[in-house]
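See structure below.
The values are calculated or read from the model by the stated rules, or taken from the named source; none is laboratory data. Source: prediction; values computed, not measured. Note that each Cβ is placed from the backbone with ideal geometry, even for glycine, and that neighbours are counted across all protein chains shown. SASA here: full protein model, heavy atoms, side chains in, ligands and nucleic acids out. Shrake-Rupley method; radii C 1.70, N 1.55, O 1.52, S 1.80 Å.
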Amino acid sequence: MKVSATDKALRVINEVKSVRSGRLVITLGTGCCESTAPFLYEDFDPGPDAKKVGDIAGVEVYAPGWLADLYEGDEMVIDADTEVITESFSIETVIDARLKLEIPERELPKP
């Protein structure tokens, strides 16, 4: 799995970096309700099963091992919606933005 970001996501991340002083981390697949959505946390330990899958604007990106293995060789793109009011544990919501993950379409294996 490789991770990149759109210009909009980079602007959101950099804006959050300008108002937060801790170490920022993006995690994929840690949300209870949003499955693989990216979450931006401050001073957060992604856990022992997490694999580093990228670095966006100096912010390390982690995914659970199962997710990184599932999309090995694929590129995921982190994008952002702005001017949205949303509640989340992800800290970009304080600036009315929300990160989102663009996952490439793929054919599911046949049983």
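Numbers at a glance
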| quantity | calculated |
| --- | --- |
| Among (1) closer than 17 Å to A5 by Cα; (2) in contact with a helix residue (DSSP H, G or I) (Cβ under 7 Å, 6 or more places away or on another chain); (3) at pLDDT below 75 - the single one P104 does not satisfy | (2) |
| Residue pairs meeting the criteria (Cβ under 9 Å; at least 6 apart or on separate chains; first farther than 12 Å from V16 by Cα, in the range 93-111; second open to solvent by 70 Å² or more (accessible area, probe 1.4 Å) and at pLDDT 70 or above) | P104/E75 |
| Unique match (being over 13 Å from the mean Cα position of the chain (by Cα) and either closer than 27 Å to S18 by Cβ or surrounded by fewer than 17 Cβ atoms within 10 Å (Cβ to Cβ) (or both)) among D55, D45 | D45 |
| When residues of the range 84-110 are limited to those that are in contact with a strand residue (DSSP E or B) (Cβ under 8 Å, 6 or more places away or on another chain) and in a loop (DSSP other than H, G, I, E, B), the one farthest from I13 (Cα to Cα) | P104 |
| Subset tally (residues that are open to solvent by 40 Å² or more (accessible area, probe 1.4 Å) and assigned to a strand (DSSP E or B)) for the range 1-27 | 1 |
| Unmet requirement for I78, which otherwise passes all of (1) touching a Leu at 6+ places or on another chain (Cβ under 9 Å); (2) open to solvent by 30 Å² or more (accessible area, probe 1.4 Å); (3) on the phi < 0 side of the Ramachandran plot | (2) |
